[in-house]
1. With the checklist (1) modelled with pLDDT of 90 or more; (2) touching a Lys or Arg at 6+ places or on another chain (Cβ under 8 Å) in hand, flag the one item Ala68 doesn't pass.
2. Across the range 109-125, which residue is farthest from Ser19 (Cα to Cα) among those that are open to solvent by less than 60 Å² (accessible area, probe 1.4 Å) and under 13 Å from the mean Cα position of the chain (by Cα)?
3. Somewhere in the range 39-60, is a residue surrounded by 12 or more Cβ atoms within 10 Å (Cβ to Cβ) and modelled with pLDDT of 85 or more?
4. Just checking, how many residues over the range 114-128 are part of a loop (DSSP other than H, G, I, E, B) and at pLDDT below 90?
5. For the range 64-92, what are the residues that are among the aliphatic types (A, V, I, L, M), in a helix (DSSP H, G or I), surrounded by fewer than 18 Cβ atoms within 10 Å (Cβ to Cβ) and touching a helix residue (DSSP H, G or I) at 6+ places or on another chain (Cβ under 9 Å)?
6. Only residues that are open to solvent by 50 Å² or more (accessible area, probe 1.4 Å) and assigned to a helix (DSSP H, G or I): list them for the range 1-31, please.
Amino acid sequence: TSFVVLHHFNLVMSLKEVSRVLRRSGKCIFMEPIADSRLLYNLRQLIPVKDNESPGGGGLKRAEMEKAFAQNGFVYWIREFELLTRLERLPFFARLQRTLRKADFALLSRISFLRKLARIAVIQIAKP
């Protein structure tokens, strides 16, 4: 497992190493920030809210991940999280964390185009 590390490295090279050490039918799970929305990236630069993410809001793009997984022969599963919970950075919404997370789950599991706006993805790759 990996927790927000993969996006700091060359994705193709990192996955080659994962492929080398992963056994046949082995699985690897990552949790990574995703950066599919240019609008949200630009908005984040305007809102002065302290966070603990990479400078500039680094993250992986879904298309970039899918291409790299295919190049290395992995089968994969991606589940997005944190849509409305982005608001918890603002003082008023901080106390609504549980409600925001429930709303996130409902929205992201039912309305696929919203997944592009999510902040975090849990990714499982497997070696067939």
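1. With (1) modelled with pLDDT of 90 or more; (2) touching a Lys or Arg at 6+ places or on another chain (Cβ under 8 Å) applied to Ala68, the lone miss is (2).
2. Leu117
3. Among the residues of the range 39-60, at least one is surrounded by 12 or more Cβ atoms within 10 Å (Cβ to Cβ) and modelled with pLDDT of 85 or more, which makes the answer yes.
4. 3
5. Taking the range 64-92 and keeping what is among the aliphatic types (A, V, I, L, M), we get 65, 68, 70, 75, 78, 83-84, 87, 90.
Add one more test, that the residue is in a helix (DSSP H, G or I), and what stays is 65, 68, 70, 84, 87.
So of that shortlist, the ones also surrounded by fewer than 18 Cβ atoms within 10 Å (Cβ to Cβ) come out as 70, 87.
The one that is among the aliphatic types (A, V, I, L, M), in a helix (DSSP H, G or I), surrounded by fewer than 18 Cβ atoms within 10 Å (Cβ to Cβ) and touching a helix residue (DSSP H, G or I) at 6+ places or on another chain (Cβ under 9 Å): Leu87.
6. First, the residues of the range 1-31 that are open to solvent by 50 Å² or more (accessible area, probe 1.4 Å): 1, 3, 5, 8-10, 12-13, 16-17, 20-21, 23-25, 27, 29, 31.
Within the range 1-31, His8, Val12, Met13, Lys16, Glu17, Arg20, Val21 meet the criteria.
The values are calculated or read from the model by the stated rules, or taken from the named source; none is laboratory data. Computed from a predicted model, the values in this text were never measured in an experiment. Every residue, glycine among them, receives a Cβ derived from its backbone with ideal geometry; neighbour counts consider all protein chains shown. Note: areas computed on protein heavy atoms with side chains; ligands, DNA, RNA excluded. Shrake-Rupley method; radii C 1.70, N 1.55, O 1.52, S 1.80 Å.
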